[in-house]
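J.: Dropping the structure in here first, questions after.
The values are calculated or read from the model by the stated rules, or taken from the named source; none is laboratory data. Please read these numbers as outputs of a predicted model, since none were measured by experiment. Reconstructed Cβ throughout: ideal geometry from the backbone, glycine too, with neighbour counts over all protein chains shown.
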């Protein structure tokens, strides 16, 4: 399967714990995006990378959230001191920049986080 | 925050009928895209229409765009049970360098066999 992959698919944690999610984009896709989707809503943009550089962060990304893409390939999203309001589906997407279908992002299956 | 609203929020039709869902947005756009999401899974891109286009077709899908009204519609013809999903419109703003997709609230479509 050469699509975007995300791990884990499901994560249950207790409030106050730290969690880390991983996203592996489609090979050669230099842009990588993170979104958050709560129940019954559309996805909301969190941040995106061009290779290893983080180019934009949403105001939704509080100080407890940090995203990295150290080698310009996979990315991690860490949430520190989780709160119940962090419960959501975290979606990763990627696309080639400068080629391929313009502006079309390819999404992974998501990581569903439940904070108890 | 969400860019706009989709209408209706939920739609149930018989298999074989056509399904129409609408999307309104707030700001000037470069393009508008429609995505499908099955039951808590990732999103699948369906079709993209640019701001200078008025209508586009892809298989059983027809998308229209009215930039003067800041609205779009997605028509699925001859619906199938497999079309049951949530459908989202997403916009890319017209200002250069703005990368993020801004999604609507979605329409939940149920096809009754």
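J.: Go through the stretch B:27-51 residue by residue and tally those that are over 28 Å from residue A:111 (Cα atoms) and within 15 Å of the chain's Cα centre (by Cα). If you could, list the steps in order and put the result at the bottom.
T.: Here is the first cut: in the stretch B:27-51, the ones over 28 Å from residue A:111 (Cα atoms) are B:27-30, B:49-51.
Right, trim to within 15 Å of the chain's Cα centre (by Cα) and you get B:29, B:49-51.
Summing the residues that are over 28 Å from residue A:111 (Cα atoms) and within 15 Å of the chain's Cα centre (by Cα) in the stretch B:27-51 gives 4.
J.: Of the numbered conditions (1) surrounded by fewer than 17 Cβ atoms within 10 Å (Cβ to Cβ); (2) modelled with pLDDT of 95 or more; (3) at negative phi, residue A:73 fails exactly one; give the number of that condition.
T.: (2)
J.: If you go through the stretch A:31-82, how many residues are in contact (Cβ under 8 Å) with a residue 60 or more places away in the chain, within 14 Å of another protein chain (Cβ to nearest Cβ) and closer than 17 Å to residue A:115 by Cβ?
T.: Matching residues across the stretch A:31-82 total 1.
J.: Looking only at the stretch B:22-55, count how many residues are more than 12 Å from every other protein chain (Cβ to nearest Cβ), surrounded by fewer than 16 Cβ atoms within 10 Å (Cβ to Cβ) and not in a loop (DSSP other than H, G, I, E, B).
T.: Initial filter on the stretch B:22-55 (more than 12 Å from every other protein chain (Cβ to nearest Cβ)): B:22, B:24, B:26-28, B:52-55.
Checking the rest, the ones that are also surrounded by fewer than 16 Cβ atoms within 10 Å (Cβ to Cβ) come to B:26-28, B:52-55.
If we keep only those that are not in a loop (DSSP other than H, G, I, E, B) as well, we get B:55.
Final tally of qualifying residues: 1.
J.: State all residues of the stretch B:87-113 that are crowded, with 20+ Cβ neighbours inside 10 Å, more than 9 Å from every other protein chain (Cβ to nearest Cβ) and touching a strand residue (DSSP E or B) at 6+ places or on another chain (Cβ under 6 Å); if no residue qualifies, say none.
T.: B:87, B:91, B:107, B:109
J.: Also, quick follow-up: Restricting attention to the stretch A:90-100, report how many residues are within 15 Å of residue A:4 (Cα to Cα) and either at the interface with chain B (Cβ under 9 Å from one of its Cβ atoms) or free of Cβ contacts under 8 Å to residues at least 60 places away in the same chain (or both). Quick ask: steps written out before the conclusion?
T.: Step one: filter the stretch A:90-100 for residues within 15 Å of residue A:4 (Cα to Cα), giving A:90-96.
The next check asks that each one be either at the interface with chain B (Cβ under 9 Å from one of its Cβ atoms) or free of Cβ contacts under 8 Å to residues at least 60 places away in the same chain (or both); those that pass are A:91-93.
The qualifying residues number 3.
J.: Looking only at the stretch A:59-70, count every residue that is at pLDDT below 90 and crowded, with 16+ Cβ neighbours inside 10 Å and tell me the total.
T.: First pass over the stretch A:59-70, keeping only residues at pLDDT below 90: A:59-62.
Among the residues that remain, those that are also crowded, with 16+ Cβ neighbours inside 10 Å are: A:61.
Number of matching residues: 1.
J.: It is to be established whether one or more residues within the stretch B:79-86 are surrounded by 14 or more Cβ atoms within 10 Å (Cβ to Cβ), within 14 Å of chain A (Cβ to nearest Cβ), part of a strand (DSSP E or B) and in contact (Cβ under 8 Å) with a residue 24 or more places away in the chain. Can you show your working first?
T.: First, pick out the residues of the stretch B:79-86 that are surrounded by 14 or more Cβ atoms within 10 Å (Cβ to Cβ): B:79, B:83-86.
Narrowing the set further to residues that are within 14 Å of chain A (Cβ to nearest Cβ) leaves B:85-86.
Still in the running and part of a strand (DSSP E or B): B:85-86.
Now restrict to residues that are in contact (Cβ under 8 Å) with a residue 24 or more places away in the chain: B:85-86.
Yes; the residues of the stretch B:79-86 include at least one that is surrounded by 14 or more Cβ atoms within 10 Å (Cβ to Cβ), within 14 Å of chain A (Cβ to nearest Cβ), part of a strand (DSSP E or B) and in contact (Cβ under 8 Å) with a residue 24 or more places away in the chain.
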